[in-house]
Amino acid sequence: MKILRIALPTPLRRLFDYLPAVDMDTASLQKGVRVRVPFASRTLTGIFIEVSDQSTIAMEKLKCAEAVLDDTPIIPDDVYELCEWAAGYYHYSLGEVLSSALPAALRKGKPLESKKKLPEAETKLQQPLTLNSGQQQALDEILNAQNQFKVFLLDGVTGSGKTEVYLHAIDAMLAAGKQTLVLVPEISLTPQTIARFRARFPVPIAALHSSLSDGERLTAWLAAKSGEARIVIGTRSAIFTPFQNLGLMIVDEEHDLSFKQQDRFRYHARDMAVMRANKNNIPIVLGSATPSLESLLNAERSRYHLLSLPERAGGAVMPEFKVIDVRSQKMAEGLSDSLISAMREQLKAGNQVMLFLNRRGFAPVFMCAQCGWIAGCKRCDARMVYHRAPKELRCHHCDARMKLPEKCLECDDTHVEAVGLGTQRVEEVLQQEFPDIPVIRVDRDTIKGKDALDELLTQIHQEHPSILLGTQMLAKGHHFPQVTLVGIIDADSGLFSADFRAAEQMGQLLMQVSGRAGRAEKSGKVMIQTRCPDHPHLQTLIHQGYASFARGLMNEREQFVLPPYSYFALLRAEAYSEKTAGGFLDQVKDLSAAFAGAVSIMGPVPAFMAKKKGLHCQHLLIKAGKRNSLQQFLHQLLLKLEQLPAKHSVKWVLDVDPVEGG
Ligand code: ADP
Ligand code: ZN
Ligand code: ZN
């Protein structure tokens, strides 16, 4: 009796048994080929795992597989092993993990072929720069580790020439006939990044990012698998790319939160990259100007090898910081006199000024001056944001929209007003203050559409003097040589937050934003507007730099036994009533008491935003001193949880190593 065991893209964490179709040659089936099977009333594409001679399902209930879609495995062994590891570590269904590893076209059962081609390689090529001694030393160490697993943390200030080191290392890989995978954050995958790589190497380069069509994605995937693409640059999910001969991995901006997938299969692409390098026995470089505390601790414990580039390359100097106490200044809609006059000076000299405000829309609050009513979203615990174009109130969490009320919905008074600052409002003020200067706004509202960001970036590179105004989208990775002044309109939101990770993220963002100033020959200045100029985090960051700032945060985390000095998992339950969500987690907590051991379980507590899209969300926070004890606990917990009838009344998900909440 032959039974096919198949991994299917369903949340159920097990394999599914099928009978082979009459004409199927089960003896020649290889693990990793796709199989089409009936499932409930649908047809699914699954991955064949093994043949078994028995099933726990009664024979007459077993269905027949419909077709085998491939002759040879489409998921190579190393990627399969990575997926298997991830399914175990994140406690997620193997079928779902394997399915996320495939391009959409293959997931849908399309054949393993593509009519499209990779873009042609460039023939005008840019010459490599001569490395400075710091860069050369970093490169030498990386190249000395060829063909062995070694993790490098390349800790280099913005503009220190990290990318140049990557390019030289890739060059060596090309010479050795090996491929390189470069992971970059979601937003910095601009044509600029890819163009810099293309301009350097006369080889086929595949780019994998979210704006590709299914066909383009499949082309890139196939080119990597066949070995044709010598370099693959991609965002998070590119970690699953199959290679013919992978020699090196690079994770740029390793601290960036976009490497963590925040829904369904919640993996961390940086952590998986380290695991893949380990399995493939190759070196991996994690680069950042503001490394995560996790990676810094790994370097401190000698698990990662630290490479430092403390100075800017090519003669550029680090910008000078100036803190502006907004309590003592005359303000024009959020812009202080000092900032405005500093801007005037730079713009007059023909330079660019960049202003940063991490809040899109016109104003974050719309309220009644008479009774204090604030427009809120009906489906979320969130305020409606006032938008000017088109004029309406919008929820940034569920995208609910509402006509702008002409009077208060509570007391009917007509004194309703927009309070607080968003990028649209600052844009308006700037147009009044600097009527002759173009203002280029970059936020999620202005970069809708495939090419919008590219167009804005082109405009930024052409127009100066000009003012660039944006949210964190503008902060990362870009190289704007004409920017000489960076203004941070409101540094305070990051200083006071319930989330223990907020300070780290604030510091990283502030350094990244500041890193945009004075990257070329021109020196730069960073002005930070705040109501608490003496805040110790801010002071340390500005006067002693990111390393000391991070050291301070690490001491705090160690004292309170928070990650990276402990390990977290978050069990999240959502339901239409708070009682259902909380009740489910109460049950889970009760049944886990018997085997919790040294693992502590806190909650249930309402999530930071307790209601979102009409669903109430509650958390259990699970904490352990050792990664292994957390893993063992979670393993047992899920086996029990999956038996609970109440699991059907909620939407639940487990987040291992969460980066938000908690
Ligand atoms: P990072 O990736 O650390 O931000 P980049 O590699 O982008 O740094 O380098 C920043 C700037 O310095 C770029 O304009 C780059 O061309 C220049 N640069 C990098 N390395 C050198 C070098 N060895 N000599 C001269 N200029 C360099
Ligand atoms: Zn009112
Ligand atoms: Zn909402």
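A short reminder: the numbers here are calculations on the coordinates, not readings from a lab. Given the structure is predicted, the values throughout are model-derived calculations rather than measurements. Please note: Cβ atoms are built from the backbone with ideal geometry, for glycine as well, and neighbour counts cover all protein chains shown.
Taking each pair of distinct Cα atoms in the chain once, what is the resulting Kirkwood hydrodynamic radius in Å?
Details: mean 1/r = 0.0367 Å⁻¹.
The answer is 27.3 Å.
List the pair-distance distribution P(r) of segment 522-640, using every Cα-Cα distance, as the percent of pairs falling in each 5 Å bin from 0 up to the bin containing the longest distance, rounded to whole percents.
2, 10, 15, 14, 12, 12, 11, 10, 8, 5, 2, 1, 0
Given C-alpha coordinates of segment 320-397, what is the ratio Rg to Rh with the Kirkwood estimate of Rh?
Details: Rg = 17.0 Å, Rh = 15.5 Å.
My calculation of the ratio gives 1.10.
Separation of segment 246-279 and segment 59-110 by C-alpha centroid, Å?
Here the answer is 20 Å between Cα centres.
Which residue, Ala498, Val526, Phe243, has the largest displacement toward the positive end of the dipole of the chain when charges sit on each Cβ (Lys, Arg +1; Asp, Glu -1)?
The residue sitting most towards the positive pole is Phe243.
Using the Karplus curve 6.51 cos²θ - 1.76 cosθ + 1.60 with θ = phi - 60°, work out ³J(HN,Hα) for each residue of segment 525-538 in order, rounded to whole Hz, and write x for Gly and Pro.
These are the phi-based 3J(HN,Hα) values: 9, 10, 10, 10, 8, 8, 9, 10, x, 9, 4, x, 4, 5 Hz.
Identify, among Gly603, Leu293, Thr26, the residue whose Cα sits farthest towards the positive end of the charge dipole of the chain, taking +1 on the Cβ of Lys and Arg and -1 on the Cβ of Asp and Glu, with the dipole about the Cα centre.
Checking the options against the dipole of the chain, the answer is Thr26.
Before rounding to the nearest 500, sum -39500 (n - 2.57) across all DSSP H runs of length at least 4 in the chain and divide by the residue total; then give [θ] at 222 nm in deg cm²/dmol. Before the final figure, lay out the partial values.
Values: 17 runs with 191 residues, N = 662.
Counting only the DSSP helices, I get -9000 deg cm²/dmol.
Which pairs, out of Lys124/Lys162; Lys579/Lys611; Lys260/Lys525, put more than 21 Å between their alpha-carbon atoms? Please list the in-between numbers first.
Working: Lys124/Lys162 23 Å; Lys579/Lys611 13 Å; Lys260/Lys525 32 Å.
Violating the 21 Å limit, Cα to Cα: Lys124/Lys162; Lys260/Lys525.
Give the relative contact order (percent, whole number) for segment 241-390; include only Cα pairs under 8 Å separated by 6+ residues.
Numbers: 114 pairs, mean separation 20.2, N = 150.
Averaging sequence separation for qualifying contacts and normalising by length gives 13 percent for segment 241-390.
Determine the percent antiparallel among the DSSP beta bridges restricted to the chain, to the nearest 5.
Values: 55 of 108 bridges.
For the chain, the DSSP antiparallel bridge percentage is about 50.
Sort by residue number and report every cysteine in the chain with no other cysteine beta carbon within a distance under 4.7 Å.
Lone cysteines by the Cβ rule: Cys64, Cys83, Cys398, Cys532, Cys617.
Note down the relative contact order for the chain as a percent, whole number, built from C-alpha pairs under 8 angstrom at least six residues apart. Write down the numbers at each step before the final one.
Values: 1324 pairs, mean separation 75.7, N = 662.
Value for the chain: 11 percent.
Can you compute the charge dipole magnitude of the chain about its Cα centre, using +1 on each Lys and Arg Cβ and -1 on each Asp and Glu Cβ, nothing else charged? Give it in debye, rounded to the nearest 20. Intermediate results must be reported in sequence, preceding the final value.
On the way: 78 positive and 74 negative charges, 186 e Å.
For this selection, approximately 900 debye.
Please label the shape of segment 457-585 as rounded, prolate or oblate, based on the square roots a ≥ b ≥ c of the eigenvalues of the alpha-carbon gyration tensor (a/c under 1.5 means rounded; beyond that, a/b larger than b/c means prolate, else oblate).
Details: a/c = 2.65, a/b = 1.68, b/c = 1.58.
Here segment 457-585 falls in the prolate category.
Give me the Kirkwood hydrodynamic radius of segment 105-225, using the inverse of the mean 1/r over all pairs of distinct Cα atoms, in Å to one decimal. Write down the numbers at each step before the final one.
Numbers: mean 1/r = 0.0612 Å⁻¹.
16.3 Å is the Kirkwood radius here.
Classify segment 422-475 as rounded, prolate or oblate from the Cα gyration tensor: take a ≥ b ≥ c as the square roots of its eigenvalues, call it rounded if a/c is under 1.5, otherwise prolate when a/b beats b/c and oblate if not.
Details: a/c = 2.18, a/b = 1.31, b/c = 1.67.
Taking the square roots of the gyration eigenvalues as a ≥ b ≥ c, segment 422-475 is oblate.
Please give the direction-averaged projected area of the C-alpha convex hull for segment 225-311, in square nanometres with one decimal. Don't skip to the end; give the middle numbers.
Values: hull surface 26.2 nm².
The directionally averaged projection comes out at 6.5 nm².
Suppose every K and R has +1 on its Cβ and every D and E has -1 on its Cβ; what is the size of the dipole of segment 523-593 about the Cα centre, in Debye to the nearest 20?
Numbers: 7 positive and 7 negative charges, 63 e Å.
For segment 523-593, the charge dipole is close to 300 debye.
Sequence-distant or interchain residues sharing an amide H contact under 5 Å with Phe321, placed H: which?
It is Val526, by chain and number.
First obtain the Kirkwood hydrodynamic radius of segment 116-158 from its Cα pairs, then insert it into the Stokes-Einstein equation at 4 °C and 1.567 mPa s, and state the resulting D in µm² per second as a whole number. Present the calculation step by step, with values, prior to reporting the outcome.
Details: Rh = 13.7 Å.
In µm²/s, the coefficient rounds to 95.
What is the percent of Cα-Cα separations in segment 1-100 that go past 15 Å?
On the way: 2911 of 4950 pairs.
Above the 15 Å cut-off, segment 1-100 has 59 percent of its Cα pairs.
Sort Met384, Met272, Met609, Met1 so that the residue with the fewest other Cβ atoms within 10 Å of its own Cβ comes first and the one with the most comes last. Please list the in-between numbers first.
Working: Met384 25, Met272 22, Met609 12, Met1 9.
Result, fewest neighbours first: Met1, Met609, Met272, Met384.
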